Structure formats: C-alpha cells, structure tokens
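Just below is one structure, and these are the notes that go with it.
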C-alpha cells in the first residue's frame, strides 16, 4: 500500500522550516524545568532545559551533515522510508544505525546517539522521505551544536574520509 502523505504534506502540516544541518524541522517541546551549569557537563555552555524535542524530515538527495552536540539524542521514526544515521564515536568507531519500522531488515523505531559523537543522516531509498523526531536531554541549545568541517573531521578520522566527504557541506 502506497503512503498517501508526502514530504511536502508533512512540511506544510507541521509548519517545518529548513535546518542548518540539512532537512526540515520544528521544535515541539522545551521542558520548563532547567538545569544550572553546575550540574551539567563542561561541554554544556550555560543553563539547559531538561529536555527538548523536534520533528525532523529528510528527503532523498538531501542529508543531515555531520555534527555533534553535548547531550544524548534519541531518534524516533514516524513516517516514510527508513533513515541511515552514521555515527563516528570519539574513539573512531563508525556505526550505521537503521532508523525505521522494517524490523526484519535490521531497522529500529528508536535509536540513540550519545553525547559527543559525530553524526549525519540520509534517506537511501530513491524518491522517499523520512519523518522522524529527535528528543535531546539535557535539552538542545545551539551553543552546544558543532557542525563538522570536512577537512578537520577527515584529518581526525582518515579511515572514514569517504563518508565524511559525502555527508559534510
């Protein structure tokens, strides 16, 4: 059965806007509870909300560029094709997470990217899209966001130069 919804449908209905890393997003939740800098890691700059959540949409041919944040990020699949999330852990290990609902193909409805890992994502099914959500705790703040510089990341992880080349801007 073909999905009657499209990427355009979701972007309009969910009032999504372009994201600096690629794709489209809309913040849906920012906890009122906050944590002071004293209880956070040194990677967090200032006070943080306990948690935040967004809708995130990627279409085939676009990608979310390698970036990292200071908090754990849980991904949730909602609609469309599966998403591949490429994670380079601090020790250089490359993991390819399969976010989606095709359990038999190794996909999972939720995946976790731990704080400090570099990660990027893309839809690998032609003419498809993925609507997902991301929950971050402690909450997301652009002060904790670092977009990768291709040459620097390739120098740090030369064994992954090819995928870094594909998934950086």
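Annotations
- Among the residues making up region 117-156, those that are under 15 Å from residue 94 (Cβ atoms) and out of contact with any helix residue (DSSP H, G or I) (no Cβ under 7 Å at 6 or more places or on another chain) are 117, 119, 120, 121, 122, 148, 156.
- Yes/no for residue 68 being crowded, with 20+ Cβ neighbours inside 10 Å and closer than 18 Å to residue 143 by Cα: yes
- Between 61, 116, the distinction of being over 19 Å from residue 20 (Cβ atoms), outside any strand (DSSP E or B) and in contact with a strand residue (DSSP E or B) (Cβ under 9 Å, 6 or more places away or on another chain) belongs to 116 only.
- Within the span defined as region 15-37, one or more residues are touching a helix residue (DSSP H, G or I) at 6+ places or on another chain (Cβ under 7 Å), surrounded by 14 or more Cβ atoms within 10 Å (Cβ to Cβ) and part of a strand (DSSP E or B).
- Residue 10 being more than 17 Å from the chain's Cα centre (by Cα), in contact (Cβ under 8 Å) with a residue 12 or more places away in the chain and either surrounded by 15 or more Cβ atoms within 10 Å (Cβ to Cβ) or in a strand (DSSP E or B) (or both): yes
- The residue that is nearest to the chain's Cα centre (by Cα), among those in region 83-94 that are assigned to a loop (DSSP other than H, G, I, E, B) and under 25 Å from residue 51 (Cα atoms), is 89.
- Look at (1) more than 21 Å from residue 47 (Cα to Cα); (2) assigned to a helix (DSSP H, G or I) and you find that residue 143 fails only one, number (1).
- Residue in region 43-58 that is crowded, with 20+ Cβ neighbours inside 10 Å and under 24 Å from residue 160 (Cα atoms) present: yes
- When 113, 103, 88 are checked against the criterion of being free of Cβ contacts under 8 Å to residues at least 60 places away in the same chain, farther than 22 Å from residue 61 by Cβ and surrounded by 15 or more Cβ atoms within 10 Å (Cβ to Cβ), 113 stands alone in meeting it.
- Single match in 76, 160, 97 (criterion: farther than 23 Å from residue 51 by Cα and in contact with a strand residue (DSSP E or B) (Cβ under 6 Å, 6 or more places away or on another chain)): 160
- Yes/no for residue 77 being buried (at least 20 other Cβ atoms within 10 Å of the Cβ) and assigned to a strand (DSSP E or B): yes
- Number of residues in region 37-58 that are free of Cβ contacts under 8 Å to residues at least 60 places away in the same chain and in contact with a strand residue (DSSP E or B) (Cβ under 9 Å, 6 or more places away or on another chain): the value is 2.
Laboratory data are not the source of any read-out in this text; all were calculated from the coordinates shown. The model shown is predicted, which means the values in this text are computed figures rather than measured ones. No Cβ is skipped: glycine too gets one built from the backbone with ideal geometry, and neighbour counts run over all protein chains shown.
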